[in-house]
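See structure below.
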Amino acid sequence: MSSRTTGWWWGLLGIVAFSFTVPFTRVAVTAFPPLFIGSARGVIAAALAATVLAVTRQRRPTARQWLRLGVVAGGVVAGFPLLTSFALTTAPAGHSAVVIGLLPAATAVMAVLRGRERPARSFWFLAALGAVVTVVVASLQNGGLGALHWSDLLLFGAVVAAAVGYAEGGLLARELGSWQTISWALVVAAPVMTVCCLASVAGRDLSGTPAAWLALAYLGVISMFLGFFAWYRGLAIGPMAQVSQVQLVQPVLSIAWAALILHERVGWPTVVGGLAIIACAALAVRTRLHRKVPA
């Protein structure tokens, strides 16, 4: 792969891993409480992260890096998993995937604020257009514009949390390394996630189906840990605003998995909206690629 597209390919690999998160969370919430799912996946990933960090004897982050890792942990280890778990107790996986399509635009904004990147104006126009299409599709699926449900508010909150965690994690990955960044963030969040996990199972009998346990295992091992190896590497190579647009492939993949795995009916608004969002992403990336860069 060329040096100009290396970040995109690493980012796409991470997005393919993340694309199963929504449908598998939908499978898990049929058997487990949402608080347990959102926290247990963090506990599973934290155990793997602590083991890998100890075996490889990684250098400890500085005091300032610990604070920034707290931001990453709050966004992608706690915020996004917990909010999406509660939202998916009522929201269909396909619909949730479309709302999460706002994430690329949100990540691009955070990349500009934190990384001081300056995309072209046409890039922002296309990214904003994709966000608007996403909101309209989400609203129409719920009965019309202005008919957003509480689950949509949770999903929008998850988008903001993930965007902050992605941007900060992408910058930290340039200093600590991609897998080291998510590993340390998981260690930071481990105490809180463990308490939430124990509280969620107090007095409950966790008798989930094999499919539910396998879904939870995927969320902990892949969605919360291994997927970030590739995703943060792609963001670290950057530019983050450009690589973030690869995320617009995720809603379409998630909708496809929801139809294949969960047998959800995919309505025309979702299909058309998903294709329009991907088109905006492709044009945004192409615009950025063809932008002239001073010597």
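Rule-based calculations on the coordinates, nothing more; no lab input. It should be emphasised that the depicted structure is a prediction, and the values quoted were computed from it without experimental measurement. Cβ coordinates were reconstructed from backbone atoms using ideal geometry, including for glycine residues, and neighbour counts include every protein chain displayed.
The table below lists the values:
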quantity	calculated
Sum of side-chain charges, Ile37 neighbourhood, beta-carbon under 14 Å (Lys, Arg +1; Asp, Glu -1)	+3
Ascending count of other beta-carbon atoms within 10 Å, so fewest first, for Arg114, Arg68	Arg114, Arg68
Cut-off 15 Å between beta-carbons: net charge of the residues surrounding Leu67, Lys and Arg +1, Asp and Glu -1	+2
Label-zone membership for segment 150-184, site Trp66, 7 angstrom Cα→C-beta point, backbone N under 16 Å	184
Convex hull projection area averaged over all views, segment 6-289, Cα basis, nm²	14.2
Under the Karplus curve 6.51 cos²θ - 1.76 cosθ + 1.60, θ = phi - 60°, whole-Hz ³J(HN,Hα) for segment 102-113, x wherever Gly or Pro sits	6, 4, x, 5, 5, 5, 4, 4, 5, 5, 5, 5
